[in-house]
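Student: Below are the structure tokens for one structure; questions will follow.
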Amino acid sequence: MSLLNRTAGALYRRPRLRLSLLLTAPLLWLAVLYLGSLSVLFVSAFWTTDSFTSEVVKVWSTDNFHELFTVPVYRQVILRSIGVALAVTVLCAVIAFPLAFYTARVAKPRRRPLLVVAILTPLWASYLVKVYAWRLILSQGGLADWMLKPFGLSGPGFGLPATVLTLTYLWLPYMVLPIHTALEQLPANLLDASADLGARAGRTFRSVVLPMVLPSAAAGSIFTFSLSLGDYITVQIVGGKTQLIGNLVYSNIELNLPMAAALGTVPVVVIVVYLLAMRRTGALSSL
């Protein structure tokens, strides 16, 4: 019997060993590259920078974190970034519910796959192409101004509303898809039973549909919230003078690396807290 056959037989008789060998590479990648880089980020946030040479001084200090929570500019940017992420998440949920309900329950079955593909199609385009397309739409004299001009209005231009609008467009498919899947799996007899008991559409939505779809919506919100919180390119292109956490991290990398690391820990902590909150809704099991 060859060595290969003996090895295959040994692995076949030991399923736990086989599973361990299969998981070694991905777990090693997770531990070394992902968790290791986060550890380095967290440790370097406690270093300082020499004010004269701009060199990193590897001396333990909490000055960076103290500055984050005492300097008004940093506090405003952190709160603004969280507010933008929450606003994008809420807008995506409000838009995704009726859209997903139509694709999952109203449209003809043979058209539903085509509608899902149409919703996912924007994800196939380049990120920068989509953002610059919105820059053209929102620019002065652009499509937004042209469409609103008959009503005596103008487009939002560049700024915080443009950032929220663009991010909502970018991450909307991540909210539509899980809600569509949940609505598609919703038993039709539950809706019929609710109607037979005299419940109107609003009551059926609150008492039957929403509780069953909420975990999937929470799962989608994890993507929309985290992606919006860590984004820094969109705000640079359509945000005007608006500053978010990502912009401050990018601008401090060359000038003050420890401060950039301290700023970079804020989204990580916020997202961990958000994940713990969403875990109570069953969102993680819906991913």
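Student: Taking the stretch 65-129 as the region of interest, what is the percent of Cα-Cα pairs per 5 angstrom bin, listed from the shortest bin to the one with the maximum distance?
Tutor: 3, 14, 13, 14, 15, 11, 9, 7, 6, 5, 2, 1
Student: Now a separate question. Stokes-Einstein D for the stretch 20-174 at 25 °C, 0.890 mPa s, Kirkwood Rh over Cα pairs, in µm²/s? All intermediate terms of the calculation are to be shown ahead of the outcome.
Tutor: Numbers: Rh = 20.5 Å.
The Stokes-Einstein estimate is 120 µm²/s.
Student: Please compute the Cα-Cα pair-distance distribution of the stretch 111-210 with 10 Å bins starting at 0, giving whole percents from short to long.
Tutor: 13, 28, 24, 22, 12, 1
Student: What translational diffusion coefficient, in µm²/s and rounded to a whole number, does the Stokes-Einstein relation yield for the stretch 132-263 at 20 °C and a viscosity of 1.002 mPa s, taking the hydrodynamic radius as the Kirkwood radius over Cα pairs? Numbers along the way, then the final one.
Tutor: On the way: Rh = 18.0 Å.
Translational D for this selection: 119 µm²/s.
Student: Could you list the trypsin sites (Lys or Arg not before Pro) in the stretch 213-287 that lie in coil according to DSSP, counting only those with at most 12 other Cβ atoms within 10 Å of their Cβ?
Tutor: K241, R280
Student: Further question: Enter the accessible area per residue of the chain (Å², integer; probe 1.4 Å; all protein chains in place). Write down the numbers at each step before the final one.
Tutor: Values: 17700 Å² over 287 residues.
With the other protein chains kept in place, the chain gives 62 Å² per residue.
Student: What whole-number volume per residue, in cubic angstrom, does the convex hull of the C-alpha atoms of the chain give?
Tutor: 251 Å³
Student: Here is a further query. Would you work out if the stretch 200-287 is rounded, prolate or oblate? Take a ≥ b ≥ c from the square roots of the eigenvalues of the alpha-carbon gyration tensor; rounded if a/c is under 1.5, else prolate when a/b is larger than b/c, oblate otherwise.
Tutor: Cα axes put the stretch 200-287 in the prolate bin.
Student: Given the options G159, G220, G141, state which has the largest fluctuation in a GNM of the chain using a 10 Å cut-off (strictly under) for Cα springs.
Tutor: G141
Student: Express in Å², to the nearest 10, the accessible area of E184 obtained by rolling a 1.4 Å probe over the protein heavy atoms while all chains stay in place.
Tutor: 90 Å²
Student: Let me ask another. What are the membrane-span-like helices in the chain by this rule: whole DSSP H runs, Cα extent along the axis at least 27 Å, mean Kyte-Doolittle hydropathy at least -0.5?
Tutor: 72-101, 160-184, 210-230, 257-279
Student: OK, next. Among S51, S139, S81, which one shows the highest mean-square fluctuation when the chain is modelled as a Gaussian network with alpha-carbon springs under 10 Å?
Tutor: Evaluated over the chain, the most mobile residue of the options is S51.
Student: Have a look at the stretch 23-89 and give its Rg and Dmax from the Cα atoms, expressed in angstrom.
Tutor: Rg and Dmax of the stretch 23-89, Cα atoms, are 16.8, 48 Å.
The values are calculated or read from the model by the stated rules, or taken from the named source; none is laboratory data. Because the structure is a prediction, the values reported are computed rather than measured. Note that each Cβ is placed from the backbone with ideal geometry, even for glycine, and that neighbours are counted across all protein chains shown. Surface areas here come from the heavy atoms of the whole protein model, side chains and all, with no ligands, DNA or RNA. Shrake-Rupley method; radii C 1.70, N 1.55, O 1.52, S 1.80 Å.
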